[in-house]
Amino acid sequence: MKKALVCGAGGFIGGHLVRKLKAEGFWVRGVDIKQHEFAPSAADEFLQLDLREENNCKTALTPKEGRFDEVYQLAADMGGMGFIHSAECEIMHNSALINIHMTHNASAMGVPRYFFSSSVCVYRDMKPGEPEMTEAEAIPARPDNEYGWEKLYAERMAMAYSRNRGMKVRIARFQNCYGPQGTWRGGREKAPAAICRKIAEVKDGGAIEVWGDGSAIRSYTFVDDMVEGIYLLMHSDLEGAVNIGCPQYVSVDELAVTAAEVAGKKIEIRHIKGPVGVQSRNFSNERIYSLGWKAKFFLKEGIAKTYPWIEAQVKAAGK
Ligand code: NAD
């Protein structure tokens, strides 16, 4: 039985990835600084470890017998735009330490395949309607936040270990990912979860607040699609960074309208000042398409699976 290690297994995408790897027949160890908030881990073994500490990375990477066949590195100090703009030092310090120690020790311990979860935050700001950007066009680099710079550094570190130490490295640049069992409150939630929560909390006919003027363009990828993409990429020969994202681009206001439709509520959108990030994003998905991947969930279908889960959390929390 093949053995996989998932770092960040107590988080949103990592939790879903563990279930995918179990379904594919792997023995899975999950590692995270915390337990999963919303569901018991599906991993065969779960270790609660702070991966900023090098010795903890070594412990995580040491199975009871043999070595891990595959390591998926998704652990990061991260959140939505509010967090990214207010926790620059934590992101630069904590996520960099995790990646430095995990990449180095995975290679030193002979891990054959290593996956790193990067982000489309490595790209510069774009104007609506600009031609699609390919992965190579992230350089010369001009990310608009420190989260993107840290991801670029970690990508380059992983690639250096791939070139010089023989570890096969696969790197995905995720578009915004959403779905059930993701952070939905507390300051680290991303736009789809925050908007679903606000709509679940408001009465039919009420108003919700949206940061910025609502015109920022994004693509949102449902978590089941993301996990399929990760698995396909990890088992492919594609080297270098690979964008994974849904080709449907929508404004933040359109996201809110879609979530309100799914909720069956009429809502008013009030735009308030807040961190928005870049104005637009438009990326090529040709590399991941070359593996036969395509997003199965467009926004409405994905929100139809996400909103009821967030609504249930809101109700359970007594709102
Ligand atoms: P998440 O916050 O739910 O998961 C990250 C996990 O890392 C958390 O469970 C957290 O506890 C863990 N972690 C943080 N510090 C740690 C430490 N010191 N030691 C051990 N574990 C630690 O986020 P997610 O949405 O599941 O994202 C997973 C990965 O994908 C991250 O690397 C993130 O940067 C990347 N990504 C996510 C998105 C998205 O839209 N969700 C987009 C682009 C990239």
Considering only region 166-215, how many residues are out of contact with any helix residue (DSSP H, G or I) (no Cβ under 6 Å at 6 or more places or on another chain), in the same structural domain as T103 (by TED's automatic domain parsing) and among the charged types (D, E, K, R)? 1
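May I ask you to say which residue of F68, F83 is outside any helix (DSSP H, G or I), crowded, with 17+ Cβ neighbours inside 10 Å and assigned by TED's automatic domain parsing to the domain that holds E146? Step through it out loud before you land on a result.
Numbers: F83 fails: outside any helix (DSSP H, G or I).
Only one candidate passes the filter, namely F68.
For (1) surrounded by fewer than 23 Cβ atoms within 10 Å (Cβ to Cβ); (2) not β-branched (V, I, T), each residue gets a yes or a no:
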position	(1), (2)
A158	no, yes
Y178	no, yes
Q181	yes, yes
G186	yes, yes
K203	yes, yes
E209	yes, yes
D213	yes, yes
V242	no, no
K265	yes, yes
Within region 256-274, is there a residue that is under 23 Å from R173 (Cβ atoms) and either of a type in the set (D, E, K, R) or at pLDDT below 95 (or both)? no
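Take N164 and tell me if it is polar (S, T, N, Q), modelled with pLDDT of 95 or more and more than 10 Å from the ligand (Cβ to nearest atom).
Answer is yes for this residue.
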Could you please find all residues in region 256-299 being hydrophobic (A, V, I, L, M, F, W, C), assigned to a helix (DSSP H, G or I) and over 21 Å from the mean Cα position of the chain (by Cα)? V257, A260, V262, A263
Scope region 300-319; condition outside any helix (DSSP H, G or I) and not aliphatic (A, V, I, L, M); matching residues: G318, K319
In region 30-65, which residue that is touching a helix residue (DSSP H, G or I) at 6+ places or on another chain (Cβ under 8 Å) and part of a strand (DSSP E or B) is nearest to the ligand (Cβ to nearest atom)? D32
Can you report the number of residues in region 103-149 which are under 16 Å from M78 (Cβ atoms) and free of Cβ contacts under 8 Å to residues at least 24 places away in the same chain? 1
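The values are calculated or read from the model by the stated rules, or taken from the named source; none is laboratory data. All figures in this text were calculated on a predicted structure; none of them were measured in a lab. All Cβ positions, even for glycine, are placed from backbone atoms using ideal geometry, and neighbour counts span all protein chains on display.
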